[in-house]
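Taking it in order: structure first as structure tokens, then the write-up.
The values are calculated or read from the model by the stated rules, or taken from the named source; none is laboratory data. It should be emphasised that the depicted structure is a prediction, and the values quoted were computed from it without experimental measurement. Cβ coordinates were reconstructed from backbone atoms using ideal geometry, including for glycine residues, and neighbour counts include every protein chain displayed. Remember, those area values only see protein heavy atoms, side chains included, never the ligands or the DNA or RNA. Shrake-Rupley method; radii C 1.70, N 1.55, O 1.52, S 1.80 Å.
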Amino acid sequence: MTETSNMHIAVIGAGPGGYAAAFLAADLGLKVTLIDPELNPGGVCLYRGCIPSKALLHVANLIGESQHAKNWGVEFGEPKIDVSRLRSWKEDVVKKLTGGLGVLSKQRKVQYMQGRAAFENSNTLRVSKAEGGEENRSFDRIILATGSRPAIIPALKLDTPRVMDSTAALDLAEVPKTLLVIGGGYIGLELGTVYAALGCKVSVVEMLSGLLPGADRDLVLPLHKRMEKSLESILLNTTVASVKEETSGIRVTFDGPEVKERERVFDKVLVSVGRKPNSEIPGLEKTQARVGPRGFIQVNKQLQTDDPVIYAIGDVAGEPMLAHKASHEGRTAVEAIAGHKVAFEPSAIPAVVFTDPEIAWCGLTETKAQKQNREIKVAKFPWAASGRAMTLDRTEGMTKLILDPQSERVLGVGIVGAGAGELIAEGVLAIEMGALAKDVALTIHPHPTLSETLMEAAEVFYGTSTDIYRPNR
Ligand SMILES: Cc1cc2nc3c(=O)[nH]c(=O)nc-3n(C[C@H](O)[C@H](O)[C@H](O)COP(=O)(O)OP(=O)(O)OC[C@H]3O[C@@H](n4cnc5c(N)ncnc54)[C@H](O)[C@@H]3O)c2cc1C
């Protein structure tokens, strides 16, 4: 048995799960090798996910604000969009961040291998190096952090740049005149928001009855209303039966009870129907690690697979497929390897949809509580009563607390409105700390801020909100 301090760990995949794991392992004094095909760490999140999408969404928000400013007596001209400068700004952000991670990796003496890893056996990896050649290396522990990729529906697969996945959409080769987004999940809506702000006529098609399936409907409603104005159309309960390339674009056939126009032609189509875990790691079958029916590598609460020397974290290890969940799992796996008594069992993992307005939630949702037949009390504070929301002209928002009626403990928080993604962190802390509604109500929040809406929602629970009259008891 190797002493933990002498251990050599390999981390396969340098996304937010992999690099967080590798860096902590180095900080704890372990020897670490981090393997990834890119020049620097970053993974999907930095190269083709969270970061480039948020850079473009920032610009989309700016365009939206500038157009809205005429309501406040300030008129800007039509935006002139230089797509190649926008693209290079976004690429610059990615380059700076990934370059920074490269520096952090060197400072920590993490051995970074640019290449792809395959298993020879549970302890030995064969790395095909980006510079050419292969190398076999043995390790005491191996962490799989290989992430995920866009899911493909064979019927929608056309080998043409007119049909894009999220990676191609973020490349921003051009702004088409018309775009169909297939899938009303968060990635499709965020990218649809970007293209719509840049002047493209965007339609979204979703096979279920609402956008963002899984999120509470009252959170989605203000977004749906706003998107009805900013997008060309939102087609619900509708499936795409076929796509065909023609000289003028992609001909799409729709199916469903609400379909009015069965066929339409779009310049481009973005297929955004979910993501698939990258669990087909060559040679994994030579180990005892097991892949579950949905393609996720099976792990316990220490992120250990059925093979005692192999751990798996992040998108490849299960839902929710989010960067912050990947990083926390990465850190937990390393602590477990280092012999600390740890388990990954968070009470709340926040989810944020960076649309306009933003939607964010954590912990228990109303939808989940209903499914579980669990008794809850919901306290909602409408942003129409928030001074800060009024000054921002964004009163469509809402903050709600989901509470245990007996203990008054905060079980979940849901927010829709500008900046909801920043606000939700307080909800996560409240849940993790076992806060009661009283704790949130008695915490002095700065005025005038949107953060006060959390405090006021707690006051709503007691029927004593300063800014609305709604006796509750
Ligand atoms: C458009 C878009 C927007 C997103 N926005 C957000 C957001 O706002 N917030 C959020 O939390 N999440 C967001 N996500 C999801 C987020 O990117 C993922 O949850 C996160 O990147 C998962 O991290 P990970 O470490 O598990 O793997 P990844 O980031 O997927 O990284 C895995 C790495 O492993 C490498 N790899 C795979 N196989 C091998 C191998 N055999 N050998 C070596 N290397 C290998 C891959 O090339 C990749 O670099 C977004 C995703 C997309 C696509």
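Computed quantities for the displayed model
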read-out: Of the criteria (1) open to solvent by less than 10 Å² (accessible area, probe 1.4 Å); (2) free of Cβ contacts under 8 Å to residues at least 24 places away in the same chain; (3) of a type outside the set (Asp, Glu), which one LEU180 fails; value: (2)
read-out: Residue list for segment 51-108, filter: over 30 Å from LYS31 (Cβ atoms) and charged (D, E, K, R); value: LYS54, GLU65, LYS70, GLU75, GLU78, LYS80, ASP82, ARG85, ARG87, LYS90, GLU91, ASP92
read-out: Count of segment 289-327 residues which are in a helix (DSSP H, G or I) and touching a residue at least 60 places away in the same chain (Cβ under 8 Å); value: 8
read-out: Qualifying positions in segment 94-123 - more than 25 Å from ILE310 (Cα to Cα), open to solvent by less than 40 Å² (accessible area, probe 1.4 Å) and not small (Gly, Ala, Ser); value: VAL94, THR98
read-out: Failed item in (1) in a loop (DSSP other than H, G, I, E, B); (2) within 29 Å of ALA60 (Cβ to Cβ); (3) in contact with a Gly (Cβ under 7 Å, 6 or more places away or on another chain), with ARG470 passing the rest; value: (2)
read-out: Segment 129-154, subset of a type in the set (Gly, Ala, Ser) and loosely packed, with under 11 Cβ neighbours inside 10 Å, residue nearest to LEU46 (Cα to Cα); value: GLY132
read-out: In segment 316-329, residue farthest from the ligand (Cβ to nearest atom) [restricted to those that are aliphatic (A, V, I, L, M) and surrounded by 23 or more Cβ atoms within 10 Å (Cβ to Cβ)]; value: ALA317
read-out: Tally, over segment 330-342, of residues that are more than 8 Å from the ligand (Cβ to nearest atom) and either surrounded by fewer than 19 Cβ atoms within 10 Å (Cβ to Cβ) or under 17 Å from the mean Cα position of the chain (by Cα) (or both); value: 5
read-out: Enumerated helices (runs of 4 or more DSSP H) restricted to segment 351-448, each holding at least 2 residues that are farther than 30 Å from ILE63 by Cβ; value: 366-371, 420-432, 437-442
read-out: Condition broken by ASN61, with the remaining ones in (1) more than 11 Å from the ligand (Cβ to nearest atom); (2) open to solvent by less than 10 Å² (accessible area, probe 1.4 Å) satisfied; value: (2)
read-out: Single match in ALA317, ALA360, ALA323 (criterion: in contact with a Gly (Cβ under 6 Å, 6 or more places away or on another chain), at pLDDT 95 or above and closer than 30 Å to ALA55 by Cα); value: ALA360
read-out: Residue in segment 86-93 that is assigned to a helix (DSSP H, G or I), of a type in the set (S, T, N, Q) and away from the ligand (no atom under 14 Å from the Cβ) present; value: yes
read-out: Failed item, numbered, when THR443 is tested on (1) touching a residue at least 40 places away in the same chain (Cβ under 8 Å); (2) open to solvent by 10 Å² or more (accessible area, probe 1.4 Å); (3) not small (Gly, Ala, Ser); value: (1)
read-out: In segment 15-49, the residues that are among the small types (Gly, Ala, Ser) and either within 6 Å of the ligand (Cβ to nearest atom) or part of a helix (DSSP H, G or I) (or both); value: GLY15, GLY17, GLY18, ALA20, ALA21, ALA22, ALA25, ALA26, GLY43, GLY49
read-out: Hits in segment 64-85 (condition: in contact (Cβ under 8 Å) with a residue 60 or more places away in the chain, surrounded by fewer than 16 Cβ atoms within 10 Å (Cβ to Cβ) and part of a helix (DSSP H, G or I)); value: HIS68, ASN71, TRP72, VAL83
read-out: Flag for ILE142 being within 16 Å of the ligand (Cβ to nearest atom) and either within 28 Å of the chain's Cα centre (by Cα) or touching a residue at least 40 places away in the same chain (Cβ under 8 Å) (or both); value: yes
read-out: Leading residue by the ranking (surrounded by the most Cβ atoms within 10 Å (Cβ to Cβ)) among those in segment 2-14 that are on the phi < 0 side of the Ramachandran plot and in a loop (DSSP other than H, G, I, E, B); value: ALA14
read-out: Residue pairs meeting the criteria (Cβ under 9 Å; at least 6 apart or on separate chains; first of a type in the set (Asp, Glu), in segment 156-176; second open to solvent by 40 Å² or more (accessible area, probe 1.4 Å) and within 11 Å of the ligand (Cβ to nearest atom)); value: ASP165/ARG149; ASP171/ARG48
read-out: Given (1) open to solvent by 30 Å² or more (accessible area, probe 1.4 Å); (2) at pLDDT 95 or above; (3) out of contact with any Asp or Glu (no Cβ under 7 Å at 6 or more places or on another chain), index of the condition LYS438 fails; value: (3)
read-out: Every residue from segment 115-131 that is free of Cβ contacts under 8 Å to residues at least 24 places away in the same chain and within 9 Å of the ligand (Cβ to nearest atom); value: SER128
